[in-house]
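The values are calculated or read from the model by the stated rules, or taken from the named source; none is laboratory data. Keep in mind that this is a model prediction, so the values were computed, not measured. Don't worry about glycine lacking a Cβ; one is built from the backbone with ideal geometry, like all the others, and counts go over all protein chains shown.
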Amino acid sequence: MLQWVGGEPVFSSALLLAGRASAGDVRRQLSRWVASGRLLQVRRGWYLLPPAYRKIEPHPFFVANRIKKASYVSLQSALAHYGLIPEYVPVITSITTGRPETLQTPLGVFQYRHLAPAWFADYRLVDLGGGQSAFLATPEKALLDLLYLTPGSEQAAFLAELRLQHTDRIQAKKLLGLARQLGSRKVCRAVGCLLQPGPQRTTGAPQ
């Protein structure tokens with residue numbers, strides 16, 4: 001098995017089912033390996049090797065993309081990645097147009113928040129190193145996703161608690177334009193507050 005999956009940060013049971021062995025035999029063997037600790041199950045049908053057997057350390061963003069199709073990392077996870085908020089974020093949060101869910105895994109907690117297809121936009125493929133990459137929201141979209149999904153996000157107290165930093169990494173013109181395009185009045189109010197002169201202002205030069 002190691003020769004097939006040793007170079008994979010995380011792999012699907014479909015990789016092993018592609019061989020000549022019967023599907024039933026493969027699934028029973030996978031269950032035995034999980035029970036003995038030779039494999040770690042991330043979710044149904046997805047596995048990773050224990051640390052002692054890994055050739056590549058799986059990046060949480062890569063795993064988040066792989067175990068949930070049609071998703072991108074966003075909200076606090078992406079904001080922390082870009083250095084826009086100071087806090088360590090223990091939960092990897094992604095956006096999906098599918099069913100929302102929270103997964104407790106050996107790599108930590110993965111949360112998937114639902115948004116309508118119209119909001120599933122403005123993300124990009126980011127190189128994570130080690131041959132891994134993942135779809136992440138742009139800095140502007142990560143902030144807008146957070147504002148949209150958080151009750152009361154247009155309130156000054158919430159915006160102050162964000163403690164946004166390195167705001168020159170956010171393009172103010174793009175932020176405002178995308179907020180208007182997405183059509184949420186609450187988000188537009190929050191963005192307007194952020195762009196006002198003062199400690200919460202987004203200072204990225206319009207481009």
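Some points to look at:
- When restricted to residues that are at pLDDT 95 or above, of a type outside the set (A, V, I, L, M) and out of contact with any Ser or Thr (no Cβ under 7 Å at 6 or more places or on another chain), segment 80-97 contains 4.
- Whenever a residue of segment 69-96 is without any contact (Cβ under 8 Å) to a residue 40 or more places away in the chain, its partners that are of a type in the set (Lys, Arg) and assigned to a strand (DSSP E or B), lying with C-beta atoms within less than 9 angstrom and at least six residues away or across chains, give the pairs 93/113; 94/113; 96/113.
- Hits in segment 154-166 - residues which are closer than 22 Å to residue 94 by Cα and either out of contact with any Lys or Arg (no Cβ under 7 Å at 6 or more places or on another chain) or assigned to a helix (DSSP H, G or I) (or both): 158, 159, 161, 162, 163, 164, 165
- For residue 142: the one exception among (1) part of a helix (DSSP H, G or I); (2) under 30 Å from residue 57 (Cα atoms); (3) without any contact (Cβ under 8 Å) to a residue 24 or more places away in the chain: (3)
- From 78, 121, residue being of a type outside the set (Asp, Glu) and not in a loop (DSSP other than H, G, I, E, B): 78
- Top-ranked residue of segment 101-127 - restricted to ones that are buried (at least 16 other Cβ atoms within 10 Å of the Cβ) and hydroxyl-bearing (Ser, Thr, Tyr), ranked as farthest from residue 49 (Cα to Cα): 123
- Restricting 85, 56 to residues that are part of a loop (DSSP other than H, G, I, E, B) and crowded, with 19+ Cβ neighbours inside 10 Å narrows the list to 85.
- Taking the criterion of being closer than 12 Å to residue 148 by Cα and either of a type in the set (Asp, Glu) or not in a helix (DSSP H, G or I) (or both), the residues of segment 171-185 that qualify are 183, 184.
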